[in-house]
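Scroll down for the structure; my scribbles are underneath it.
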Amino acid sequence: MKQKHKPGLRAGLLVGLLLAPPLMALLYLADRVLGLPFLPFDLFDWMARILPGAVISFGINLMVTIIATFNLGETSSTAKAAEQLMGLGLFLALTTAAAAIFFALLGRFWQRAQVPWMAGAALGLALALPLLLISQSVNVTATADPLLGLGWVLLALVLWGLTAAWLYHRLDRAPAPAAADPPAAEESAPAVEVSAPPAAAYVLDRRQFLIRVGGAAATITVFGAGLGSLLGRDEAVLPTLVSSIDGDDFASGLPNAGDPLIPAPGTRPEYTPLDRHYRIDISLRPPVIEEESWVLPFTGLVENPLEFTLSQLREEFEAVERYITISCISNRVGGDLISTTKWTGARMQEVLARVRPTSAARALKITAGDGFDEYLSLDMIANDDRIMLAYAWDDQPLLTRHGFPLRVYIPDLYGMKQPKWITGIEAVPSHEPGYWVRRGWSPTANVKPTSVVDTVATDHVYEEDGQFYVPVGGIAHSGAKGISRVEVSVDDGPWEEARLRTPLSDTTWVIWRYDWPFAEGSHRFSVRCYDGSGQLQETEEGVQRPNGYKDAQVGIHSRTANLLPLETES
Ligand SMILES: Nc1nc2c(c(=O)[nH]1)N[C@H]1C(S)=C(S)[C@@H](COP(=O)(O)O)O[C@H]1N2
Ligand SMILES: [Mo]
C-alpha cells in the first residue's frame, strides 16, 4: 500500500458533488408525492427576495436578452426553467462547499479510526437550520403539515451529513490507487457492480470506491427524480374554447367575429390559448391554495369588515366578463410577455360598497399567498368600474400559476401592479410602494403604447388588379387607452396607414394589417402606433427612466423579410 494523504478539500468537493444530486432527487420526490418543501427552490426564491432591486433587474434583463438573442423559446416559461436550474445549481454549490469544508476540517482534526458520526450529524444540522428558516419564510408550495416538513428536512440533511462522514472514513481507510493499475481500465468499468459482494468494497482503492459511490448516487437520482415526476400531479388545462385566429383558421365565437379584416397570416392569435398565456411571478413555483380553506378577509379602515368565500364572490356579485390584454413591464419591444384572455370577476366598486371604507381610508393593500403585495388607491377604484376581483380566466377557474383563486384587474397598468393569489385586502390610510416598486420599478406602471410586426407573410403574396401584395401584420397595444392608428414604414420610407381589426374589447390589443405592393429583395418593415387620444408611441429605443426608476422598454419594432422573385407565367 502506498503512502497517502488524508482526504481533504478536493475529496470533499468531489463527495459534495456526488451527494448533491441524490439529495435533491429525494427532496424532489418527497415534494411531489407528499407536498414537503423543496429546499433548492426555496433557496433561490429567498435570494430573489433579499438581493437588491438593481441586481434583480439586471438579472431579469440579462435573462430576457439571452432568451431573445438565442431564440430559446417562449420567454416566461424558458426564464422560469432557467431560474429553476439556477436554484438547483445554487443548492449544489452550497452543499458541495459545505462538504468540502467538512472534509478539510476532518483532515486536520480527526485522527481516530472510527467514522466521525457526530461531526456528520452536526454538519447536517448546521445546514438544515438556516435552510429551514429560509424555507419557512418563502415556501408557498408545501402542502404537508409544517411539523412534518421540519422533521423531513432535518432527517434528509442529517442523513446527508452522516453519509458524508461515512464516505470520509471510507476514503481515509481505502488504499490509494495502485500505480500499476491502468487508469483506462478503471474508468471503463461499469459504474455499479451490483453483483459484487459488499466485503470487496474494502479492498477497492479510492478511485474505484468513488466510482461505486457515483453509480449509487446516479441510481438514486434517476430513481427519485423519475418517480417524482411520474407520481406528481400536474394541473389540467381545459382546452381553450375559442382558439387561434390565424389566416384561414378563423375562430367564431369572439365578440368581433364579424369583422371583415382577416389578420395577415402569421399574426399571433388574437385570443391567446390559455396554455400559452405568459406567466411571471416571484417564486419558482406558484403558491398552492386550496379552495376549501381559502377566504378573503377584507379588513382595515372599513365599517363592515367581512370575509368572503370564493362562492360568495361568484354568487353575491354580478359576474363581469371582459376581454383583457395584460403585459409585463419587463416585456421587450416585440416580446412575448403579453397575452389576451377573457377575465370574469366581481366589480371592486361593488365589493367596496359591502365593506364601506371609512373616510380615513385612501388605498387598499392587497396581499398575496407568495408574499407579494400592491396598493390600489380608492380614488382609482371610484373612477373605474372595470377594476375587478377576477376568479375565472377563459371561462374556467384561474389556473394555479395564474393566481387561483383570486386576482385583481386594474386597467392600463402593467402586470406588476396586479396581484395574483390574493389572500387579503386591507383598507389603509395611505398608498405605499408595492413589491416591485420597492425594488425600483415604476410607481405608476402605466402601460405604454407599443406595436409589433408579427409577420411579413412572404408565402401569402397575392395578386389584385395586376398588382402583387404581401400581407404584413401584428398587434398594437396601449393598456386601456385604445389604439387610434397604426402606421407602417418600409425601408425607412413614408409612414403609411395600416387597417385595424375591431379589438375584442377596449382593454385588449388591436390586430393591424397592411398589404404592401410587392417588390423583390430584402425589405425592412417598421411599425408605430397612436393611442386612443392620438398620442404617438415612444419611438426612441430604450428604457424610459424618469427619476431613476425602471420602466418598460419602448421603441419601434421592425422585421426584415427577403422577398424572392415571383414566378411569372410565360
Ligand atoms: N402574487 C403575485 N402576483 C403577481 C406577480 C407575483 O409575482 N406574485 N407577478 C406580477 C407580474 S410582474 C405580472 S407581469 C403578472 C403576470 O400575470 P400572469 O403570470 O398570470 O400572466 O402577475 C403579477 N401578479
Ligand atoms: Mo411583470
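The values are calculated or read from the model by the stated rules, or taken from the named source; none is laboratory data. On a predicted model such as this, the values are computed, not experimentally measured, just so you know. Every residue, glycine among them, receives a Cβ derived from its backbone with ideal geometry; neighbour counts consider all protein chains shown. Areas reflect the complete protein model, heavy atoms only, side chains present, ligands, DNA and RNA absent. Shrake-Rupley method; radii C 1.70, N 1.55, O 1.52, S 1.80 Å.
Within the set Ala552, Ala498, the sole residue that is of a type in the set (Gly, Ala, Ser) and within 30 Å of Ala54 (Cβ to Cβ) turns out to be Ala552. Could you say whether any residue in the range 446-468 is within 12 Å of ligand 1 (Cβ to nearest atom) and touching a residue at least 40 places away in the same chain (Cβ under 8 Å)? Yes, that holds for at least one residue. When you go through Phe317, Phe308 one by one, which is the residue that is in contact with an Asp or Glu (Cβ under 7 Å, 6 or more places away or on another chain), of a type in the set (Phe, Trp, Tyr) and either within 16 Å of ligand 1 (Cβ to nearest atom) or at negative phi (or both)? Only one candidate qualifies: Phe317. Within the range 300-333, the set of residues being more than 16 Å from ligand 2 (Cβ to nearest atom), of a type in the set (Gly, Ala, Ser) and part of a strand (DSSP E or B) comprises just one member, Gly300. Remark: pairs (first residue in the range 479-506, small (Gly, Ala, Ser); second residue open to solvent by 40 Å² or more (accessible area, probe 1.4 Å) and at pLDDT below 95; Cβ separation under 9 Å; 6+ apart in sequence or on different chains) = Ser505/Pro255. Check whether at least one residue in the range 356-367 is more than 16 Å from ligand 1 (Cβ to nearest atom), out of contact with any Ser or Thr (no Cβ under 7 Å at 6 or more places or on another chain), outside any loop (DSSP other than H, G, I, E, B) and open to solvent by 10 Å² or more (accessible area, probe 1.4 Å), and report yes or no. Checked the range 356-367: at least one residue is more than 16 Å from ligand 1 (Cβ to nearest atom), out of contact with any Ser or Thr (no Cβ under 7 Å at 6 or more places or on another chain), outside any loop (DSSP other than H, G, I, E, B) and open to solvent by 10 Å² or more (accessible area, probe 1.4 Å). Contact annotation: residue pairs with Cβ atoms under 7 Å, 6 or more positions apart or on different chains, pairing a residue in the range 421-440 that is farther than 11 Å from Tyr375 by Cβ and among the polar types (S, T, N, Q) with a partner that is more than 14 Å from ligand 2 (Cβ to nearest atom) and at pLDDT 95 or above, are Thr423/Thr367; Thr423/Gly369. Does the range 383-411 hold any residues that are under 25 Å from Lys448 (Cβ atoms) and away from ligand 2 (no atom under 15 Å from the Cβ), and which are they? Asn383, Asp384, Asp385, Arg386, Ile387, Met388, Ala390, Trp393, Pro411, listed by residue number. Which residue pairs have Cβ atoms under 7 Å apart, sit 6 or more places apart or on different chains, and have a first residue in the range 205-233 that is open to solvent by less than 40 Å² (accessible area, probe 1.4 Å) and a second that is basic (Lys, Arg) and part of a helix (DSSP H, G or I)? Pairs found: Phe209/Arg170; Gly228/Arg32; Gly232/Arg32. All conditions in (1) surrounded by fewer than 23 Cβ atoms within 10 Å (Cβ to Cβ); (2) over 23 Å from Gly532 (Cβ atoms) hold for Glu374, with the sole exception of (1).
Could we say that Ala48 is within 26 Å of Arg332 (Cβ to Cβ) and among the hydrophobic types (A, V, I, L, M, F, W, C) here? In short, yes.
Whether a residue is out of contact with any Pro (no Cβ under 9 Å at 6 or more places or on another chain) and either in contact (Cβ under 8 Å) with a residue 24 or more places away in the chain or open to solvent by less than 70 Å² (accessible area, probe 1.4 Å) (or both) was assessed, and Pro565 passes this test. For Leu88, are the conditions met, namely being farther than 30 Å from Asp336 by Cα and buried (at least 16 other Cβ atoms within 10 Å of the Cβ)? Judged against the criteria, Leu88 is not a match.
Restricted to the range 411-510, the set of strands (runs of 3 or more DSSP E) holding at least 3 residues that are over 30 Å from Ala363 (Cβ atoms) comprises 450-456, 462-464, 467-477, 483-490. Of the residues making up the range 277-293, those that are more than 12 Å from ligand 1 (Cβ to nearest atom) and more than 16 Å from Asn139 (Cβ to Cβ) are Glu291, Glu292, Ser293. For the range 136-153, indicate whether the set of residues that are closer than 25 Å to Ala100 by Cβ, at pLDDT 95 or above and of a type outside the set (Phe, Trp, Tyr) is non-empty. Taking every residue of the range 136-153 in turn, at least one turns out to be closer than 25 Å to Ala100 by Cβ, at pLDDT 95 or above and of a type outside the set (Phe, Trp, Tyr).
Residues in the range 267-324 that are surrounded by fewer than 17 Cβ atoms within 10 Å (Cβ to Cβ) and touching a Pro at 6+ places or on another chain (Cβ under 7 Å) were compared, and the one that is farthest from Lys342 (Cα to Cα) is Thr299. Of all the residues in the range 414-459, those that are within 24 Å of the chain's Cα centre (by Cα), of a type in the set (A, V, I, L, M, F, W, C) and under 28 Å from Gly266 (Cα atoms) number 2. Would you check which residues across the range 334-345 are out of contact with any helix residue (DSSP H, G or I) (no Cβ under 8 Å at 6 or more places or on another chain) and more than 16 Å from ligand 2 (Cβ to nearest atom) and list them? Residues satisfying the conditions are Gly334, Lys342, Trp343, Thr344.
Scanning the range 412-423 for residues that are farther than 21 Å from Asp336 by Cβ and within 16 Å of ligand 2 (Cβ to nearest atom) turns up Pro419, Trp421. One residue alone among Glu464, Glu487 is open to solvent by 50 Å² or more (accessible area, probe 1.4 Å) and more than 30 Å from Trp343 (Cβ to Cβ), and that residue is Glu464. Looking at this structure, is Thr340 under 30 Å from His557 (Cα atoms), within 13 Å of ligand 1 (Cβ to nearest atom) and either in contact (Cβ under 8 Å) with a residue 40 or more places away in the chain or crowded, with 22+ Cβ neighbours inside 10 Å (or both)? Criteria met by Thr340.
Within the set Ala264, Ala257, the sole residue that is open to solvent by less than 10 Å² (accessible area, probe 1.4 Å), more than 16 Å from ligand 2 (Cβ to nearest atom) and closer than 30 Å to His460 by Cβ turns out to be Ala264.
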